[in-house]
Amino acid sequence: MSIPALDLSHVTLTRGGQTVLKDISFSVPPGSFVGVLGANGAGKTTLFRGLLGLEPAQGGVICVNGASVRRGNRSIGYMPQMRKLIGGQLSGWSMVAAARRGECWGLPWCGAKGRKSVQAALEAVDALDLARKPVATLSGGQRQRLLLAQALLDDPTLLLLDEPLASLDPARMRETALRIHTLARSRGMTVLMSAHDINPLLGLMDHVLYLARGKALLGKVEDVLTTEALTALYGAPVDVVRAGGRVFVVAEGGGAILQPHECLGGHTHA
Amino acid sequence: MLEYDFMRTAFLAAFLVAVVCGPVGWFLVLRGQTFASHALSHVGFAGATGALLIGLSPLTGLTAGALGAGVLMGLAGDRVAGRDVMIGLVLSVAMGAGALFLHFLTHSASAATALLFGDILGISSSMLGWLAILSGGCLLALGGMARPLLFASLQPELAEAKGVRTALLDVLFLALVAIATAECAQITGVLLVFTLMVAPAAAILRLGLPPFVGLLAAAGLAVVEAWGGLMLSWQTDYPTSFWIAVLGGVGFLLAGLVASWLNGHAQQAASDQAGALDMNDL
């Protein structure tokens, strides 16, 4: 049997002194495309930080590609949540190049090898044209493509993408998800991709990892996204409704737990 | 004007200081920490007047004061809530202490003017030596950490994940800013540190040059503005700091014009290209 890309056993993770995920265990086979779902504050970002070695596990063992977790692991590509733009005057190329071996001491200078690897990463996400423009002039979706290129720089085997679809319009969401899926398949990468809404990822995911109430549930989409499974996970009545080829997770009281495109404005229950 | 010893010293001092202020300022503007440099210079003022009081050179006091404050500021990081208020308070307490120290100094008026508005023509050869040592040290340190500093400034979370020690870099960088500020205050004075530290760097950043080129260009522009200020001061007999401030402002405006012209040009080129493609489609 091949070594799992990710193996967590009885892991507890805290953030700012508060327990976010408690005693979770799951294992992701290599090459799997996993959608990480859960409401705001369910621990998606904390889980990623734990896998990156930025939040030490309070208990349990985390293994990445069979080795115990460590900071600065080059086999993990990470795309943090989009945040306030810094250095928008710089070109997209400069922005991506800053991440190429950016952890090494010395001058911010890319050698021929570095430029080649930046070029390859930009090509992979079809962003060579964008790279010539100042980042501040790019749209949210275009900036996401640059961030994705950054995550690909070290040819990782595991991609952790934190809300890569946030702030995109519905058409772009699906396009971006497909782009990531195709990339991952062609390179044999394992992908963990967190999202607010499951629908742009439907049909692409091999597994879904559902986080709620400090617990985690990993499985096939058809096994996890059921009224029974989620009701057990939440410990409260939750309905999984399928309509028009889409999936909605609705709590008693009418609030949507996962908000389709964040535009329905439902209450978020965690 | 170069036949005079003090002018040669002034040009050399301006070069040594500007060549550090440009690139350090480039990072300051990029990271949005320009206010920190302003605050550090004020703490340095208290240090300088205190040093005068106990018979040390003002540069020693300036460097020590700014360095101490810079390291503390870096250690405090973003954790302190209401950071801007805290910096403002430290700044005003420091200025107040400076006023007290000046009160005890007998030759306070000339010392105060020199510290607040700079005294580039009064730089001694021994101070020139110190400036050379500090500048050399700063450039070496910046050269060593520019790459991870750039990464950590642009993408803090990603840099952290890749193993960059961002907290350490924050402290190191502010220490560097403190030394550069202390040096800069010799020329432009405590109140006008912005003119050499921020103005040239901000102008260069507007142009959107790649980081390495931008750092070199910021150093170059800072030297040009500092030397230009010296020459204009020689011609007009107005204070050097005034001319450096004016040149800084003009440089910033010109860079804005160049940037918008370049952008317009790029858009024109893009639409021309798009037009040509349309023609091909037909």
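For the range A:54-153, the relative contact order works out to 35 percent when only alpha carbon pairs closer than 8 Å and six or more residues apart are counted.
Against chain A, whose longest principal axis comes from its Cα atoms, helix A:140-152 is set at around 80 degrees. Label-to-label distance, A:T12 versus A:S27, with points set 7 angstrom from Cα along the beta-carbon direction: 2.4 nm. Sorted ascending by nearby beta carbons within 10 Å, beginning with the fewest, A:D154, A:D129, A:D197, A:D23 become A:D129, A:D23, A:D154, A:D197. P(r) tail for the range B:1-49: Cα pairs beyond 18 Å make up 53% of the total. With kT/(6 pi eta Rh) evaluated at 20 °C and eta = 1.002 mPa s, and Rh the Kirkwood radius from Cα pairs, the range B:37-136 diffuses with a coefficient of 150 µm²/s according to Stokes-Einstein. Computed 3J(HN,Hα) for the range A:38-47, one whole-Hz value per residue from the Karplus formula 6.51 cos²θ - 1.76 cosθ + 1.60 where θ = phi - 60°, is x, 6, 4, x, 6, x, 5, 5, 4, 4, glycine and proline marked x. For the range B:1-101, trypsin sites (Lys or Arg not before Pro) meeting the loop criterion (DSSP other than H, G, I, E, B) and having at most 13 other Cβ atoms within 10 Å: B:R79. Helical runs (DSSP H, four residues minimum) scored at -39500 (n - 2.57) apiece and divided by the length of chain B put the mean residue ellipticity at 222 nm at -29000 deg cm²/dmol. In chain A, the longest principal axis of the Cα atoms and the axis of helix A:170-187 are about 70 degrees apart. If I take all pairs of Cα atoms in the protein assembly as shown, what percentage of them are more than 32 Å from each other? Here the tail beyond 32 Å accounts for 53 percent of pairs.
Extent of chain A along its three principal axes (Cα atoms, max minus min coordinate, largest first): 57, 39, 37 Å. Is the shape of the range A:75-175 rounded, prolate or oblate, going by the alpha carbon gyration tensor and its root eigenvalues a ≥ b ≥ c, with a/c under 1.5 for rounded and a/b larger than b/c for prolate? Prolate.
At R0 = 25 Å, how high is the FRET efficiency between A:S186 and A:R83 if r is their beta carbon distance? Nearest 0.05 is fine. Efficiency, rounded to the nearest 0.05: 0.30.
Mean residue ellipticity at 222 nm, helices only, chain A: -8000 deg cm²/dmol; runs of at least 4 DSSP H residues each add -39,500 (n - 2.57), and the sum is divided by the number of residues. Amide H contacts of A:V20 (H built 1.01 Å from N, in plane; Pro and chain starts excluded): A:L13, A:T14, A:R15 sit under 5 Å, all sequence-distant by 5 or more or on other chains. Straight-line cross-link partners of A:K133 among the aspartates and glutamates, defined as a Cα under 16 Å from its Cα and at least 8 positions apart when in the same chain: A:E123.
Remark: spin-label model distance A:K220-A:A232 equals 1.6 nm, labels positioned 7 Å along the Cα→Cβ axis. Residues B:C21, B:C138 in ascending order of nearby Cβ atoms (within 10 Å, fewest first): B:C138, B:C21. Computed log10 I(q)/I(0) for the range B:5-281 at 0.11 Å⁻¹: -0.63, from the Debye equation with unit scatterers placed on every C-alpha and solvent omitted. When you restrict to C-alpha pairs under 8 Å that are six or more residues apart and normalise by the size of chain B, the relative contact order lands at 30 percent. Along the range A:92-107 the Karplus relation, 6.51 cos²θ - 1.76 cosθ + 1.60 evaluated at θ = phi - 60°, assigns HN-Hα couplings of x, 4, 4, 4, 5, 5, 4, 8, 6, 6, x, 7, 7, 6, x, 8 Hz to successive residues, with x for each Gly and Pro. Looking at chain A, the DSSP beta bridges with both ends there are about 60 percent antiparallel.
Sequence-ordered 3J(HN,Hα) estimates for the range A:3-8 from the Karplus curve with 6.51, -1.76 and 1.60 and θ = phi - 60° stand at 6, x, 5, 9, 9, 10 Hz, glycine and proline given as x.
Hey, for a label at A:R246 modelled as a point 7 Å past Cα toward Cβ, could you say which residues of the range A:163-178 have their backbone N under 19 Å away? Backbone N within reach: A:164-178. In summary, the helical segments of chain B meeting the span-like criteria, namely a full DSSP H run, a Cα extent along the axis of 15 angstrom or more and a mean Kyte-Doolittle hydropathy of at least 0.0, are B:5-31, B:34-53, B:58-76, B:83-104, B:125-154, B:166-188, B:211-236, B:240-281.
Against the empirical 2.2 N^0.38 Å (N residues), the range B:87-181 has a Cα radius of gyration ratio of 1.49. You can think of it this way: the chain between B:V213 and B:L253 has 12.4 nm of extra reach, that is 0.36 nm per residue less the Cα-Cα gap. Within the straight-line cut-off of under 25 Å between alpha carbons, the lysines reachable from A:K44 are A:K22, A:K84, A:K215, A:K220, B:K162, sequence neighbours fewer than 8 places apart in one chain being disregarded. Based on alpha-carbon centroids, what's the gap between the range A:68-121 and the range B:94-163 in Å, whole number please? Between the Cα centres of the range A:68-121 and the range B:94-163 lies a distance of 30 Å. Using Cα pairs closer than 8 Å and at least 6 residues apart in sequence, work out the relative contact order for the range B:7-149, in percent. Relative contact order comes out at 35 percent. With neighbours defined as other Cβ atoms within 10 Å of a residue's Cβ, the residues B:E160, B:E225, A:E123 order from fewest to most as A:E123, B:E160, B:E225. How big is the gap, in Å, between the Cα center of the range A:1-51 and the Cα center of the range B:197-261? Measuring centre to centre over Cα atoms gives 50 Å.
Only the coordinates and a few stated rules stand behind these numbers; no lab work does. Only a predicted model underlies this, so the values are computations on that prediction, with no experimental measurement involved. Backbone-built Cβ (ideal geometry, glycine too); neighbour counts: all protein chains shown.
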